[in-house]
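> Let me begin by handing over the structure; questions about it come next.
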Amino acid sequence: MALLAARHGHTAELFERDSRAPGTALDRDFFGWRRPTVPQAVQPHALLGAARSVLRDELPDVYAEMLGLGARERHELDWFEERPPARPGDEDLVMLQARRILLESALTTALRAEAGVVVRYGEPVAGLTTVPGPAGNPGIQVTGVTTEAGNYEGDLVVDAGGRRGGVERRLAEAGCRPPVVERHRTGLAYFCRWYRLPEGMDEGPRRPWAVTGGAFAGCAVFPADNRVFAVTLFVHTSDTTRSALRDPAVFERAARAFPPGAAWLALGAEPLSDVRATASLDNRWSALVDEHGPVVTGLVPVGDSITHTNPTLGQGTSLALWAARRVARTAHRDPGSARFAVDHHDWAVRTLKPWFDFQVVADAAIGERFATRAGRTGTAREAAALFDCALEDPEVMRARARVRHLAEPPERAYADPEVKARVARWLAERPDYAPHDAGPDRTEWEELTAGAGRAAQPPEPAVPWVSEEPAVPVVPVVPVVPAAGPSTSARS
Ligand SMILES: Cc1cc2nc3c(=O)[nH]c(=O)nc-3n(C[C@H](O)[C@H](O)[C@H](O)COP(=O)(O)OP(=O)(O)OC[C@H]3O[C@@H](n4cnc5c(N)ncnc54)[C@H](O)[C@@H]3O)c2cc1C
């Protein structure tokens, strides 16, 4: 946020709770840095085309630095032996594959060189400074932030504190009406382990498809930078076999039972970590405008602070970058006003909320399938066919990729007459087609996950490991970027 603000002509002061910044010793920082305020940092982060486009267009130095550090680009249409003839927009259907630390490291390098930004590490925001809201608005106006070191005033406070930032508490302390929060539990638990491909093997297999869903569990492989990749298993939180998956030996046995896990783990990769678990994630939408108008002015949320989306679709960083870019582009327009707060909210509802809603529907379907063990056999034939057809038909794959990379909403991409006709033809040619589950059946799964125990573990990982994050934030407080006022050279 701070970097984008500075690139749009503002000055910014960034408060970061953690006392240190990521460096360029990627493995050390990724595997050895305990980060309770950002527990998801060690989980796989695939950057969708939407995130990549913001980086490429707005922060080309950051993007180039990521590539230089080892991030890889994978075009969705390279699933096929031969990439189909290009269509406008295809250039954005590219996944940026890297551990999250590469993005953080590249952003930090750029921030250090940015004259318009002051970064205060280890100085968490503890509160907000406020005055009564502007005339005609019953809310409170934020004028700055407080930390242990004192008060900092700014024209705009941007809450980029993430899902655990605790802005709601700060606003309540300041006397604001509560935000309007929509929250959906997902009921999914994720287990991931990191590996490195053998020396000289720069890529894993292009096939099978990297994400597979079974009747009650799924497996995904996340290729990243520098021969590193992650394997993730996901199950319902009520699944009794869940805790066994923390055992690396059990984890590997179970992962090998799915096509992508089997293909990648057959390559002789070296484990770099233990199994990292995360659960109880939700989809949360938090609006700072209610039926009376903005509950606060002078403060806007970006990133997980507005919408925290469960990672099954990997949207989080993209939505965060969209919001940050929007604030950077508009922050010169009377940022303390009620109009600014309402415009930001309206933009978020128009631009981010449809993807949040899409995520909620997708997670509800997966959660229901896993909880009831209905599997794909329980899903609509046409919906399943769309996915299976895409693996064979580049036009349908393109539509799917446009949805996956947030280029087009599903109701538009899949309503395209050509896409519909292709899926219908594909189905007509396969009258016996029925959605099928990948991976083990329940009896096999229970056998695979039985016998968890330390004795069965493979040798110690090659890279020092950090224990799993706590389930609750350590100290939930708000980080902000108060723009110290748009400069006269501000652009939008
Ligand atoms: C398991 C998991 C997997 C994910 N996978 C993906 C993926 O594949 N692709 C994707 O795009 N997204 C993914 N996400 C989502 C992504 O991590 C978030 O959407 C993204 O990090 C949001 O960025 P943010 O800046 O809003 O918050 P964060 O990245 O959480 O950053 C918040 C920052 O605020 C700091 N902070 C907190 N409180 C204070 C305070 N009081 N004062 C100062 N600083 C403070 C924290 O230390 C932290 O640095 C995943 C999330 C999870 C949980």
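> Trp355 passes all but one of (1) more than 14 Å from the ligand (Cβ to nearest atom); (2) touching a Pro at 6+ places or on another chain (Cβ under 9 Å); (3) assigned to a helix (DSSP H, G or I); which number fails?
(1)
> Quick check on Ala380: is it open to solvent by less than 20 Å² (accessible area, probe 1.4 Å), on the phi < 0 side of the Ramachandran plot and not aromatic (Phe, Trp, Tyr)?
no
> Kindly list the number of the only condition in (1) open to solvent by 40 Å² or more (accessible area, probe 1.4 Å); (2) at pLDDT 95 or above; (3) not in a helix (DSSP H, G or I); (4) not hydrophobic (A, V, I, L, M, F, W, C) that fails for Arg253.
Among (1) open to solvent by 40 Å² or more (accessible area, probe 1.4 Å); (2) at pLDDT 95 or above; (3) not in a helix (DSSP H, G or I); (4) not hydrophobic (A, V, I, L, M, F, W, C), Arg253 violates only (3).
> Residue under question is Thr312, and the condition is that it be of a type in the set (Val, Ile, Thr) and closer than 15 Å to His345 by Cα; does it hold?
Spelling it out, it is not the case that Thr312 is of a type in the set (Val, Ile, Thr) and closer than 15 Å to His345 by Cα.
> Further, regarding this structure: Being surrounded by fewer than 21 Cβ atoms within 10 Å (Cβ to Cβ), assigned to a helix (DSSP H, G or I) and either touching a residue at least 40 places away in the same chain (Cβ under 8 Å) or of a type in the set (Lys, Arg) (or both) is the filter here; which residues of region 77-103 pass it?
Leu77, Asp78, Trp79, Asp90, Asp92, Arg100
> With the structure loaded, tell me whether Arg402 is free of Cβ contacts under 8 Å to residues at least 24 places away in the same chain and either in a loop (DSSP other than H, G, I, E, B) or not hydrophobic (A, V, I, L, M, F, W, C) (or both) or whether it fails that test.
No.
> Would you point out which residue out of Ala266, Ala279, Ala230 is small (Gly, Ala, Ser), touching a residue at least 40 places away in the same chain (Cβ under 8 Å), within 20 Å of Thr212 (Cα to Cα) and open to solvent by 10 Å² or more (accessible area, probe 1.4 Å)?
Testing whether each residue is small (Gly, Ala, Ser), touching a residue at least 40 places away in the same chain (Cβ under 8 Å), within 20 Å of Thr212 (Cα to Cα) and open to solvent by 10 Å² or more (accessible area, probe 1.4 Å) leaves just Ala279.
> I need a count of the residues in region 104-125 that are open to solvent by less than 50 Å² (accessible area, probe 1.4 Å), small (Gly, Ala, Ser) and part of a loop (DSSP other than H, G, I, E, B).
Residues that pass the stated criteria total 2.
> Here is a further query. Can you tell me which residue within region 165-203, out of those that are in contact with a helix residue (DSSP H, G or I) (Cβ under 8 Å, 6 or more places away or on another chain) and in a loop (DSSP other than H, G, I, E, B), is surrounded by the fewest Cβ atoms within 10 Å (Cβ to Cβ)?
Pro178
> Please state which one of His345, His332 is of a type outside the set (A, V, I, L, M, F, W, C), closer than 29 Å to Leu93 by Cα and either open to solvent by 30 Å² or more (accessible area, probe 1.4 Å) or part of a helix (DSSP H, G or I) (or both).
His345
> Kindly indicate whether any position in region 331-340 is in contact with a helix residue (DSSP H, G or I) (Cβ under 7 Å, 6 or more places away or on another chain) and within 16 Å of the ligand (Cβ to nearest atom).
Within region 331-340, none of the residues are in contact with a helix residue (DSSP H, G or I) (Cβ under 7 Å, 6 or more places away or on another chain) and within 16 Å of the ligand (Cβ to nearest atom).
> Then there's this: If you take the residues in region 279-326 that are part of a helix (DSSP H, G or I) and of a type in the set (D, E, K, R), which one is nearest to the ligand (Cβ to nearest atom)?
If we take residues in region 279-326 being part of a helix (DSSP H, G or I) and of a type in the set (D, E, K, R), then Asp304 is nearest to the ligand (Cβ to nearest atom).
> In region 388-436, how many are open to solvent by 60 Å² or more (accessible area, probe 1.4 Å) and either aromatic (Phe, Trp, Tyr) or touching a Gly at 6+ places or on another chain (Cβ under 6 Å) (or both)?
The total comes to 1.
> Just give me the residues in region 139-164 being away from the ligand (no atom under 16 Å from the Cβ) and assigned to a loop (DSSP other than H, G, I, E, B), in sequence order.
Hits for region 139-164 are Gly139, Asp155.
The values are calculated or read from the model by the stated rules, or taken from the named source; none is laboratory data. Predicted model, so just to flag it, every value in this text is computed and none were measured. A quick note on method: Cβ atoms are made from the backbone with ideal geometry, for glycine too, and the neighbour counts reach across all protein chains shown. The protein model used for the area step is the full one, side chains on, heavy atoms only, and it has no ligands, DNA or RNA in it. Shrake-Rupley method; radii C 1.70, N 1.55, O 1.52, S 1.80 Å.
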